[in-house]
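**Q** Pasting in a structure now, in structure tokens, and then I'll have a few things to ask.
The values are calculated or read from the model by the stated rules, or taken from the named source; none is laboratory data. Quantities reported herein were computed from a predicted structural model and do not represent experimental measurements. Note that each Cβ is placed from the backbone with ideal geometry, even for glycine, and that neighbours are counted across all protein chains shown. To get the accessible areas, we keep the full protein, side chains included, count just its heavy atoms, and leave off ligands, DNA and RNA. Shrake-Rupley method; radii C 1.70, N 1.55, O 1.52, S 1.80 Å.
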Amino acid sequence: MKFNFICLIFILITSCKEEKKAVLLADREAPIGWIYLEMFNDKTFNFISKGGLRGDDVYSGNFNLKNDTMYFKYKDSIPQAGSKAVIKDGFVSYLNGKYPESVEIKLNNIKK
């Protein structure tokens, strides 16, 4: 009886876990490869630079949205694009990087 109760609790907990879904997808073609931004409903993201001589660079972490500004907290290193961006005119435009970076939004289901 106790085993059945424990199994029932385990099933309920695992079935309640929300599936990870993309809330924003954006990209642009780079001189050699592509730049991708993937943001998910669990407040995680990936900033990916694909191609080039060094292969793929993946920068992951968590994001926070305050008013019209997105703040990216990276797990390890920060890409040259920066850690702060805004959504404007169908693009995610980074504000504090070493160069001006923008990626075109393909999917936007972010809830403020």
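**Q** Hey, among Ile32, Ile9, which residue is closer than 19 Å to Val103 by Cβ and modelled with pLDDT under 90?
**A** Result: Ile32 is the single residue among Ile32, Ile9 that is closer than 19 Å to Val103 by Cβ and modelled with pLDDT under 90.
**Q** If a residue has to be aliphatic (A, V, I, L, M) and either over 14 Å from the mean Cα position of the chain (by Cα) or at pLDDT below 95 (or both) to count, how many in segment 88-101 make the cut?
**A** Here the count works out to 1.
**Q** Would you mention how many residues in segment 29-43 are closer than 21 Å to Lys88 by Cα and open to solvent by less than 70 Å² (accessible area, probe 1.4 Å)?
**A** 8
**Q** Sticking with this one: Count, please, the residues in segment 45-63 that happen to be open to solvent by 70 Å² or more (accessible area, probe 1.4 Å) and closer than 19 Å to Asn108 by Cα.
**A** So the count comes out to 1.
**Q** If a residue must be closer than 14 Å to Ile35 by Cβ, part of a strand (DSSP E or B) and open to solvent by less than 30 Å² (accessible area, probe 1.4 Å), how many such residues does segment 73-92 contain?
**A** Here the count works out to 2.
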